[in-house]
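The values are calculated or read from the model by the stated rules, or taken from the named source; none is laboratory data. Being a predicted model, the structure only gives us computed values, none of them experimental. All Cβ positions, even for glycine, are placed from backbone atoms using ideal geometry, and neighbour counts span all protein chains on display.
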Amino acid sequence: MNKLISGALLGLVQGLTEFLPVSSSGHLAILQHYLKFPGDRLFFDVMLHFATLLSVLVYFRRRIVEYLRSPRILSYIVLVTIPTGVVGLLLKEKVEVLIRAPKIIAIMLLITAFITFLVDKIEGTKKIEELGSTGALFVGVFQGLAVIPGISRSGSTIFASVIAGVDKEEAAPFSFIVSIPAIAGATLLETLKLGNHTAQLDAATLVGMTVAFATGLAAIKIFVETLRTRRFRLFSAYLIAAALAVLLAG
């Protein structure tokens, strides 16, 4: 397949799955495996995540301003980021191996399916201001574990938030906004690793980033509506089907 078309397809998948509880990294790794996408796959993934980060900044710009005016919520964001960074760094080398192991990713998708199913069953009542320091650290650990391909970041952080007692609609914007430091940090690390080798930011990567940004905005709207109507079990069914398809593939 033409590399530009592959880049656009992967950007579409990233944009649609980053904000849905189905693991964008897992989908990208599986697709890249079967598409035989050339080049530095980890760098490509990070740049697509950066594009969807821009989607978060645009969609939640007003909520971000509100959070910036709240010292308590800012402290929660810092507390979430600390365990996220620690767990992410500890798992980084293993992740670079896992992105080339689609059957292991499929097993992780089944775990995400179970987590996603539970989200519909748990009710929280707290506002995000009531999350508490322990709750923030708890969310941070789950966000760190989501570095594993196949484990959904949005699904994991929403799950952790509602387990901590936060209302789902309060947890949704918080879940996306706390991803900003993690994704920005990962992008910076990958960019520094490149040094002068900027040739990796090629046309296919730029096309993928553009598509990921545009579809990311649409996916956020879908996520918020699905969360409100308690239809996360649909994502569970999809994840089970996708995982089984990969496990049964030759």
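Can you name the condition, by its number, that MET1 falls short on among (1) assigned to a helix (DSSP H, G or I); (2) modelled with pLDDT under 75? All conditions pass for MET1, except number (1). Just one of the listed residues (SER154, SER175) is modelled with pLDDT under 90 and assigned to a helix (DSSP H, G or I), namely SER154.
Of the residues screened, LEU194 is not one that is surrounded by fewer than 20 Cβ atoms within 10 Å (Cβ to Cβ), in contact with a Phe, Trp or Tyr (Cβ under 9 Å, 6 or more places away or on another chain) and modelled with pLDDT of 90 or more. Restricting ARG69, ARG100 to those that are closer than 27 Å to LYS221 by Cα and of a type in the set (Lys, Arg) reduces the list to ARG69. Within the option set ALA136, ALA106, being of a type in the set (A, V, I, L, M) and either under 17 Å from the mean Cα position of the chain (by Cα) or not in a helix (DSSP H, G or I) (or both) holds for one residue only, ALA106.
If the requirement is being at pLDDT below 85 and out of contact with any Ser or Thr (no Cβ under 6 Å at 6 or more places or on another chain), which of these qualifies: VAL224, VAL246, VAL207? Step through it out loud before you land on a result.
Details: VAL246 fails: at pLDDT below 85; VAL207 fails: at pLDDT below 85.
Within the list VAL224, VAL246, VAL207, the selection yields VAL224.
Does segment 130-147 contain at least one residue that is surrounded by fewer than 20 Cβ atoms within 10 Å (Cβ to Cβ), in contact (Cβ under 8 Å) with a residue 24 or more places away in the chain and in contact with a Lys or Arg (Cβ under 7 Å, 6 or more places away or on another chain)? No; the residues of segment 130-147 include none that is surrounded by fewer than 20 Cβ atoms within 10 Å (Cβ to Cβ), in contact (Cβ under 8 Å) with a residue 24 or more places away in the chain and in contact with a Lys or Arg (Cβ under 7 Å, 6 or more places away or on another chain).
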